[in-house]
């Protein structure tokens with residue numbers, strides 16, 4: 001378990017991905033995976049391409065939006 005991820009950010013996490021992606025899913029992945037890599041690897045990317053992404057909600061309706069420039 002501790003062999004996954006980066007130093008001070010080790011282990012795995014379940015990611016539930018929905019919305020405007022090609023294949024919504026729930027996956028277990030390393031904590032330190034970049035968002036773009038996560039979406040492309042497991043969801044087939046954003047519908048219409050990465051340029052169509054405006055923002056994400058990283059944890060639910062009470063969490064502020066993360067704009068695209070933070071996700072790159």
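None of the figures in this text is laboratory data; all of them are computed from the coordinates on show. Owing to the predicted nature of the structure, the values given are computational and were not obtained by experimental measurement. Note that each Cβ is placed from the backbone with ideal geometry, even for glycine, and that neighbours are counted across all protein chains shown.
One decimal place: the segment residue 54-residue 27 gains 7.5 nm when fully extended, by the rule 0.36 nm per residue minus the C-alpha distance. For region 5-71, pairs of C-alpha atoms spaced more than 14 angstrom apart make up 61 percent of the total. In terms of the Cα gyration tensor, with a ≥ b ≥ c the square roots of its eigenvalues, is region 14-53 rounded because a/c is under 1.5, prolate because a/b exceeds b/c, or oblate? Judged from the Cα gyration tensor, region 14-53 comes out oblate (a/c at least 1.5, b/c at or above a/b). With both labels modelled 7 Å from their Cα along Cα-to-Cβ, the residue 71 to residue 17 distance reads 1.0 nm.
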